[in-house]
Each structure stands twice: as structure tokens, then as C-alpha cells.
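Down below is the structure, laid out as C-alpha cells.
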Amino acid sequence: MKLISKLLIITLLLLFTTNLTAQHSKINVLKSAILPGWGEISMGNNTGYAFIASEILLWSAQLYFAQESDLKISAAHDYAYRYADVDPQGNYSQDFWIDLKNYDSYGFETGGYNANIILQAESIEDPEERQQFIDEHIYSESHFWKWESDERQHDYKILQKRSLEFDDYAKVFSGAIVANHIISVINSLRISALQTEVDVKVKVNKQLNPLLTFNYRF
């Protein structure tokens, strides 16, 4: 994400510090910012078709993985409702769903979440701080769960893991979409009529930091 932020900064610099004397060139650059490849095609450059094809493929992949992530997390929740006796009407945080895969139940018996909280609290010497820790972290009966078996809990873990994997893939493709827009903007500038006045170069050093240089011809 840091690299994407750097590329975004470069694009803004290109758009707002370059002397855009030709109005049609400025419009073509903005076209590429809206839809990668649009500006290049408007200038008669065939590289625009590659950017458009990339945009379609990247969005298709991003939407697919995002949808699959939602489906897997929904399946995991339904599984917990059925095999861990979680109340479907409850309002639960993301931490709650994570705790379900790490503890057999919410309770105070061995392997239970609350039992682990009490165990952690024993290391706190001050009685008030100890009780405050317990009150802040312990689950009430409204957050009841108890897995039918270790196998059921294991299956739930797999569903959760797959959901996170698909979500990570979706984030990667989201970043690639942003990068595709930025690279298309830079490409439009490089092939525009502005090249007679401005020479724009973008390099990447060993630390993957983009380096932008401007050479103005008078």
C-alpha cells in the first residue's frame, strides 16, 4: 500500500505541476485517470487497449475474490449457528468470530474463553485492575457458544481462513487497479504532445521508491 500511495503522489504531481498548454492533452490525461487506456486511444496509441483489457480483468478478479470472501464468512457464521449454538439474532464483533476458532466455548470450563481471561487476570496484582480487566474482556451469556466437537471447530477454522485468504486477494487486486490508473496517466503524459515541452521520467530505486524527474525544454 505504501508503493501505491507513492504512485498516487506522483500522479498528482504530474497533473498539477506539469504545464498543460494543450487543452486536448490535458483532457486525454484526465481520460486515462478515469478509465485507463481511454486517453491513449484518443491520441491514437494502441497501448490504450492493453490498459482497458487490464482494467476489465483486474475488476473482474477483485469482485470475484471480494464476493467469495463474503460467501465464505457467511458460511462460517451459519456453521457456527448450527454447530456451536451461537444465537443467530446476536450482534457480534469481529473479535467474537475470531475467538470462536480459538476456544471450545465461551465459558469458564477448561478450553473456554472466559477461563482463559480469568487465567490471564491472575497475573495482575492490583485487585481493582484485575477486576477491570475481567469486566472488559469476559463474555456474558448473550455471547454463548460451545462447539459440538473438535472436528466442527476445525471445519469452522478452515472457513474463516479461506475467507481471509480471499479478502487478501481482493485487496491485492484493488491495489493493482489503482496502479493501473496511475501508470496509464503517466503513459498518457509520455506519449502526448507535451513531450515537446516536458520530458517526464519515472524510475524506481532499490528500496522500491518511485523517483520522478522533469526536464523542461525552452
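The values are calculated or read from the model by the stated rules, or taken from the named source; none is laboratory data. None of these values were measured; they are calculated from a predicted model. Heads up, the Cβs are rebuilt from the backbone with ideal geometry, glycines too, and the neighbour counts pull from every protein chain shown.
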**Complete:** Residues of the stretch 156-174 being of a type in the set (A, V, I, L, M), crowded, with 17+ Cβ neighbours inside 10 Å and within 21 Å of Asp85 (Cβ to Cβ), in sequence order, are Leu159
**Item:** Among residues of the stretch 104-146, those that are over 21 Å from Asp87 (Cβ atoms) and either exposed (fewer than 12 other Cβ atoms within 10 Å of the Cβ) or in contact with a strand residue (DSSP E or B) (Cβ under 7 Å, 6 or more places away or on another chain) (or both), counted
**Value:** 11
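Residues checked against (1) within 19 Å of Asp78 (Cα to Cα); (2) over 30 Å from the mean Cα position of the chain (by Cα); (3) at pLDDT 95 or above; (4) among the small types (Gly, Ala, Ser):
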{"position": "Leu100", "(1), (2), (3), (4)": "yes, no, yes, no"}
{"position": "Glu109", "(1), (2), (3), (4)": "no, yes, no, no"}
{"position": "Tyr113", "(1), (2), (3), (4)": "no, no, yes, no"}
{"position": "Asp126", "(1), (2), (3), (4)": "no, yes, no, no"}
{"position": "Phe144", "(1), (2), (3), (4)": "yes, yes, yes, no"}
{"position": "Lys157", "(1), (2), (3), (4)": "yes, no, yes, no"}
**Top-ranked residue in the stretch 74-86 [being charged (D, E, K, R) and over 25 Å from the mean Cα position of the chain (by Cα); ranked as surrounded by the most Cβ atoms within 10 Å (Cβ to Cβ)]** = Asp85
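Suppose we filter Gln67, Gln89, Gln94 for residues that are within 24 Å of Lys161 (Cβ to Cβ), at pLDDT below 95, surrounded by fewer than 17 Cβ atoms within 10 Å (Cβ to Cβ) and under 30 Å from the mean Cα position of the chain (by Cα); which single one remains?
Of the residues listed, the single one that is within 24 Å of Lys161 (Cβ to Cβ), at pLDDT below 95, surrounded by fewer than 17 Cβ atoms within 10 Å (Cβ to Cβ) and under 30 Å from the mean Cα position of the chain (by Cα) is Gln94.
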**Message:** Restricting to the stretch 44-64, count the residues that are buried (at least 19 other Cβ atoms within 10 Å of the Cβ) and of a type outside the set (Asp, Glu).
**Reply:** 4
**Request:** Specify the residue that is nearest to Ser192 (Cα to Cα); the eligible residues are those in the stretch 21-40 that are among the small types (Gly, Ala, Ser), within 27 Å of the chain's Cα centre (by Cα) and in a helix (DSSP H, G or I).
**Result:** Ser32
**Request:** With a cut-off of at least 1 residues that are among the charged types (D, E, K, R) and either closer than 30 Å to Ile177 by Cβ or without any contact (Cβ under 8 Å) to a residue 40 or more places away in the chain (or both), name the helices (runs of 4 or more DSSP H) lying wholly within the stretch 41-134.
**Result:** 47-83, 94-102
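Does Gln153 fit the bill of being in a helix (DSSP H, G or I), surrounded by 14 or more Cβ atoms within 10 Å (Cβ to Cβ), among the polar types (S, T, N, Q) and over 25 Å from the mean Cα position of the chain (by Cα)? Spell out the reasoning first.
Working: in a helix (DSSP H, G or I): yes; surrounded by 14 or more Cβ atoms within 10 Å (Cβ to Cβ): yes; among the polar types (S, T, N, Q): yes; over 25 Å from the mean Cα position of the chain (by Cα): yes.
Spelling it out, Gln153 is indeed in a helix (DSSP H, G or I), surrounded by 14 or more Cβ atoms within 10 Å (Cβ to Cβ), among the polar types (S, T, N, Q) and over 25 Å from the mean Cα position of the chain (by Cα).
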